[in-house]
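Notes follow the structure.
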Amino acid sequence: MSLTAHLPLVDIAPLLSPAARPNEREIVSRKIDEACRESGFFLIDGHRVDPLLQPALESAAQSFFDQSDRLKGEVAMPNGGRAWRGWFPLGGELTSGRPDRKEGLYFGTEHSPNDPRVRARVALHGPNQFPANPPELRPSVLAWIAAMRPVADAVMSGIALALGLPPDWFAKNLTADPTILFRIFHYPAEPAARVDSEAGWGVGEHTDYGLLTLLTQDHHGGLQVQTPSGSWLDVDPQPGVIICNLGDMLERLTGGLYRSTPHRVRNVSGASRLSFPYFFDPSWDATVPTIPPTGEAEQIRDQPRWDDADVQAWTGTYGDYLTAKVARVFPELFEASSLPASGDSP
């Protein structure tokens, strides 16, 4: 299996079937383990997600982004306060301190105003902001979030088996009440001159913060994944296939045995692009342990990360970690809402 050629494809159907035999789940877990060690990225099929959900989501999302900024601004992120939900304009999000060439909608677990964390004004907790138009966006988003949860749980059970843990280890220890975030990103069509320049990056090089990201993209593509040799691999979209990548917390948990792999986006299609990342992260109040590393993991840890950070050095809860990260992505928003960036971020 070579990342320089393609991303590995894993059929997770046995992890979703109560009738699957233990050896069938073991075969899947070995494939996931190999992908997590080699690339930190793999493709998923056998996920049982209704194939009609993504076209409906794409259509509703495109209708929203086709509107004027004035209309989109009715659900602007500042209106959501500390919940960090809603629309941000082109260039409104930073990656490594540089504005991205995208606009987006931020959603998450739907919290009631009476939720204790909402009443306590805990960061990133609150109701979603759904636009009045198009009306079909709300049910499409909620259906997608619901459809991704069993996929995330299944993949985490496969990772647990791969690490020699009980299949429900994550559900019992880190994701009993997971932090779930969902984004819809719109990348405008770029002129050739911008695509060929340093300013043409839709999203610059980065890694994700949590445990897993489950991503689908429209047929235009644009995602690139860094290979172990340092080159970049184009990840072409495939109908019905979900892209899965690991976040920093899995790198921390495995002592570097599983690596959170840098990736980036450049929209070179000549058309606008949509992508739909679903982030499945530890519970807000959870602390992420490190499984005693093997000699192999210690060797991997000696290799510096893309950002020279050490996720093993982090102490505190996942909520502290995520809040500190998000404060850097939307500094003006968080300054305006007086949201404390508790903790420090590697």
Quiz prompt | Count of residues meeting criterion [of a type in the set (Val, Ile, Thr) and assigned to a helix (DSSP H, G or I)] in the stretch 73-99 | solution = 1
Self-check item: Residues satisfying the stated conditions in the stretch 119-145, i.e. over 23 Å from the mean Cα position of the chain (by Cα) and closer than 16 Å to Gly81 by Cα
Solution: Arg119, Ala120, Arg121
Self-check item: Close pairs (6 angstrom Cβ cut-off, 6 or more residues apart or separate chains): within 13 Å of Thr287 (Cα to Cα) in the stretch 240-252, among the aliphatic types (A, V, I, L, M) and not in a helix (DSSP H, G or I) anywhere
Solution: Met249/Leu211; Met249/Val288; Leu250/Leu211; Arg252/Val288
Quiz item: Could you list, in sequence order, the residues of the stretch 231-257 that are within 30 Å of Pro289 (Cα to Cα) and within 16 Å of the chain's Cα centre (by Cα)?
Solution: Ile242, Ile243, Cys244, Asn245, Leu246, Gly247, Asp248, Met249, Leu250, Glu251
Practice problem: Could you tell me which residue of the stretch 180-198 is modelled with the lowest pLDDT, considering only residues that are surrounded by 12 or more Cβ atoms within 10 Å (Cβ to Cβ), closer than 23 Å to Lys72 by Cβ and out of contact with any strand residue (DSSP E or B) (no Cβ under 6 Å at 6 or more places or on another chain)? | Solution: Arg194
Exercise. Select from the stretch 108-123 the residues that are touching a strand residue (DSSP E or B) at 6+ places or on another chain (Cβ under 8 Å) and either charged (D, E, K, R) or modelled with pLDDT under 90 (or both) and list them in ascending order.
Key: none
Quiz item: Here is a list of conditions, (1) among the charged types (D, E, K, R); (2) farther than 23 Å from Leu181 by Cα; (3) in contact with a helix residue (DSSP H, G or I) (Cβ under 9 Å, 6 or more places away or on another chain), and Asp236 meets all of them except one; can you say which number that is?
Solution: (3)
Quiz item: Can you name every residue in the stretch 118-155 that is touching a His at 6+ places or on another chain (Cβ under 7 Å) and not in a loop (DSSP other than H, G, I, E, B)?
Solution: Val118, Val151
Quiz item: Can you find even one residue in the stretch 91-112 that is in contact (Cβ under 8 Å) with a residue 60 or more places away in the chain, farther than 16 Å from Phe279 by Cβ and among the hydrophobic types (A, V, I, L, M, F, W, C)?
Solution: yes
Quiz item: Just one of Val118, Val122 is crowded, with 18+ Cβ neighbours inside 10 Å and of a type outside the set (S, T, N, Q); which is it?
Solution: Val122
Quiz prompt | Single condition Ser112 does not satisfy, out of (1) in a loop (DSSP other than H, G, I, E, B); (2) over 17 Å from Arg138 (Cα atoms); (3) not aliphatic (A, V, I, L, M) | solution = (2)
Practice problem: Would you be able to say whether some residue in the stretch 266-275 is assigned to a loop (DSSP other than H, G, I, E, B), among the hydrophobic types (A, V, I, L, M, F, W, C) and at pLDDT 95 or above? | Solution: no
Quiz item: Take the residues of the stretch 13-46 that are assigned to a loop (DSSP other than H, G, I, E, B) and either among the hydroxyl-bearing types (Ser, Thr, Tyr) or under 17 Å from Leu246 (Cα atoms) (or both): which is modelled with the lowest pLDDT?
Solution: Ser39
Quiz item: Identify, please: which residue in the stretch 325-338 is out of contact with any strand residue (DSSP E or B) (no Cβ under 8 Å at 6 or more places or on another chain) and more than 12 Å from Leu124 (Cβ to Cβ) and is, among those, modelled with the highest pLDDT?
Solution: Glu332
Practice problem: Have a look at Val10, Val49 and point out the one that is aliphatic (A, V, I, L, M) and in a loop (DSSP other than H, G, I, E, B). | Solution: Val49
Practice problem: For the stretch 253-295, name all the residues that are among the charged types (D, E, K, R), within 23 Å of Val326 (Cβ to Cβ), out of contact with any Leu (no Cβ under 6 Å at 6 or more places or on another chain) and in contact (Cβ under 8 Å) with a residue 40 or more places away in the chain. | Solution: Arg259, Arg264
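The values are calculated or read from the model by the stated rules, or taken from the named source; none is laboratory data. Owing to the predicted nature of the structure, the values given are computational and were not obtained by experimental measurement. All Cβ positions, glycine included, derive from the backbone under ideal geometry; neighbour counts span all protein chains shown.
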